[in-house]
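Scroll down for the structure; my scribbles are underneath it.
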Amino acid sequence: MTSRRRWTAVLFLCVVADGMTAQLRGALLPNFQRTFEVSERLLGFVAPAGTVGLVVAVLVVGMLSGRLDVRRSVLVGAVGTAVCLGVVSIASSYGLLLALFLLQGASIGVVRALDRPLLGHLYPDGRGRIFNLYALMWAVGATAGPLVANAVLAVTDWRVTYALLAGVFLLVGLGVTRLDRPEVAGAEQSLSWDGLRTVLRHPSVRGMALALVVSGGIEGIMFTWLPYYAGTFFPQSTANLLLSGYLVMYIPGRFAYGLFADRLPPLTLVLGLAVLALPIVALAFLGGTTATLVAGVLGFGLLVSGFFPTLSAFGVSAVPQYSGPVNAIATAANYVGLSAAPVVVGVVADQYDIATGMGLLLPTVGILAIVLTVTRFRINGRAAKSVEA
């Protein structure tokens, strides 16, 4: 096996485990509420606790990516994540739980700051394809997360799930120790904070970042609150299965978008998905029946799956020499949405009800379509001016 394939395999295993970790939070939200006796308003902070640390780590490490030892950094991130998850399994208070999620997010953020830039350099002629396949592997782990939660809850306490995941990340760390430094490590250029302003002025990067904040908000609401909302229709185990059903649709979706990503204009592809998602999300959360909920959620997952990987590949391709910093911007933007939107839904649910909170998805999808349309218009306008000049 070549060095490129070994690095790809280890990064894929890591992102599978990250997907499982992320989706356990939503699946175990009712258990957190019962164990620590907290309100829906406080439950809304589970998502940002897991992402604030990640965003900070991604931004800092991403900006320094050209100066760091990739192998050592990935090893530190994987082992740090394992330690944090192991301690989560014995957390004694809700405040400690949130603090551990914060630290775990920072640890995995070190890896997530470097994974896509490294893959982009390993596969320079197929970024759209490899980014979608990488995101597909995250979806595999994410789909398994609620199923693992159901399996553990059927026989023991929810805390065991985090002990099991700690073991998976230790395996990732062991795999990294057996790898050589990636051959493309020198292809990445670091970026100063002053240089960052220049990159951010690029319309493709700005459009990507704003679109990812909105699409991240959509995913954050679904990941965090879908099982809780579905619990008003089904038992918890069935509600968790619906989240897995939503996430399993990411797998064929991302496989398909991986095939199309390098053949279709990325903004055209994502805009089409957003427009198609409008009636689907209305069906899911305004239909009012179990049948419309299930059908709408599955269809929505198929469409949403193409947002992040296609948009991030679009931004990185605009300035590939700074893929680390641009990946940091993309990941940070996505997680800003992932962390902020669930808090808003939690506040609305506490004030009114969870159905009203989930209803916020429809205008959010509409905002994404508007952002993509404006970005496409500005990029085309800039290209036209360049031709005239």
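Quick one: Cα centre-to-centre distance for the stretch 219-271 and the stretch 62-97, in angstrom?
26 Å
Treating only the Cβ atoms of Lys and Arg (+1) and Asp and Glu (-1) as charged, compute the dipole magnitude of the stretch 191-388 about its Cα centre; round to the nearest 20 debye. Provide the component values of the computation, followed by the final result.
On the way: 9 positive and 6 negative charges, 129 e Å.
Result for the stretch 191-388 is approximately 620 debye, rounded to the nearest 20.
For the stretch 1-190, what % of the accessible area comes from carbon and sulfur atoms, probe 1.4 Å?
Numbers: 4560 of 7180 Å².
Using a 1.4 Å probe with all protein chains present, the stretch 1-190 comes out at 64 percent carbon and sulfur.
List the relative contact order of the stretch 58-137 as a percent without decimals, with contacts defined as Cα pairs under 8 Å and 6+ residues apart. Present the calculation step by step, with values, prior to reporting the outcome.
On the way: 56 pairs, mean separation 29.1, N = 80.
Answer for the stretch 58-137 is 36 percent.
Using helices alone, what [θ] at 222 nm do you get for the chain, with -39,500 (n - 2.57) per DSSP H run of 4 or more residues, divided over all residues and rounded to the nearest 500?
Numbers: 18 runs with 321 residues, N = 389.
One gets -28000 deg cm²/dmol as the mean residue ellipticity at 222 nm.
Taking only Cα atoms and a 10 Å spring cutoff, compute GNM fluctuations for the chain and point out the largest among 242, 119, 259.
259
With point charges of +1 on the Cβ of Lys and Arg and -1 on the Cβ of Asp and Glu, referenced to the Cα centre of the chain, which listed residue (17, 309, 325) lies farthest in the positive direction of the dipole?
In the chain, that residue is 325.
Over the chain, with a Gaussian network built from C-alpha contacts below 10 Å, which listed residue (47, 151, 284) shows the highest mean-square fluctuation?
Maximum fluctuation in the GNM of the chain, among the listed residues, is at 151.
Taking the alpha-carbon set of the stretch 6-83, what are its Rg and Dmax in Å?
So, for the stretch 6-83, Rg and Dmax equal 15.6, 46 Å respectively.
Size of the dipole of the stretch 1-190 about the Cα centre, Lys and Arg at +1 and Asp and Glu at -1 on the beta carbon, nothing else charged, in debye to 20? Please report the intermediate quantities before stating the final value.
Values: 16 positive and 10 negative charges, 65 e Å.
Its charge dipole is roughly 320 debye.
Based on Cβ point charges of +1 for Lys and Arg and -1 for Asp and Glu, what charge dipole magnitude is obtained for the chain about its Cα centre, in debye rounded to the nearest 20? Please list the in-between numbers first.
On the way: 25 positive and 16 negative charges, 181 e Å.
Rounded to the nearest 20 debye, it is 860 debye.
Across the stretch 71-88, in residue order, what do the Karplus-derived ³J(HN,Hα) couplings come to in whole Hz, using 6.51 cos²θ - 1.76 cosθ + 1.60 with θ = phi - 60° and x for Gly and Pro?
In residue order, the calculated couplings are 4, 5, 5, 5, 4, 4, x, 5, 5, x, 5, 4, 5, 4, 5, x, 6, 4 Hz.
Roughly how many Å² is the accessible area per residue of the chain, as a whole number, for a 1.4 Å probe? Write down the numbers at each step before the final one.
Working: 15010 Å² over 389 residues.
On a per-residue basis, the chain sits at 39 Å².
Of all the accessible heavy-atom surface of the stretch 277-389, with the other protein chains kept in place and a 1.4 Å probe, what percent is carbon and sulfur? Working shown, then result.
Working: 3010 of 4450 Å².
The value for the stretch 277-389 is 68 percent carbon and sulfur by accessible area.
From the C-alpha gyration tensor of the stretch 191-388, pull out the three semi-axes of the equivalent ellipsoid (sqrt of 5λ each), sorted largest to smallest, in whole Å.
Numbers: eigenvalues 206, 61, 44 Å².
Ellipsoid half-lengths, sorted descending, are 32, 17, 15 Å.
Applying a 10 Å radius around every beta-carbon, put 106-112, 69-75, 230-236 in order of their mean neighbour count, most first.
Highest to lowest by the protection proxy: 106-112, 69-75, 230-236.
Any idea what the relative contact order of the chain is, in percent, if you count C-alpha pairs under 8 Å spaced at least 6 apart?
The value is 28 percent.
Put +1 on the Cβ of each Lys and Arg and -1 on the Cβ of each Asp and Glu in the stretch 191-388; which of 225, 267, 278 then has its Cα farthest toward the positive end of the dipole?
The listed residue farthest towards the positive side: 267.
For the chain, go through all pairs of different Cα atoms, get the mean of 1/r, take its inverse, and jot down that Kirkwood value in Å. Working shown, then result.
On the way: mean 1/r = 0.0480 Å⁻¹.
Result for the chain stands at 20.8 Å.
Report Rg(Cα)/(2.2 N^0.38 Å) for the stretch 1-190, keeping two decimals. The partial results should precede the final answer.
Numbers: Rg = 16.8 Å, N = 190, 2.2 N^0.38 = 16.2 Å.
Against the empirical 2.2 N^0.38 Å value, I get 1.04 for the stretch 1-190.
The values are calculated or read from the model by the stated rules, or taken from the named source; none is laboratory data. Small disclaimer: the values here were computed from a predicted structure and weren't measured. Ideal geometry is used to build each Cβ from the backbone, glycine not excepted, and the neighbour counts take in all protein chains shown. Heavy atoms of the whole protein, side chains included, go into the accessibility calculation; ligands, DNA and RNA do not. Shrake-Rupley method; radii C 1.70, N 1.55, O 1.52, S 1.80 Å.
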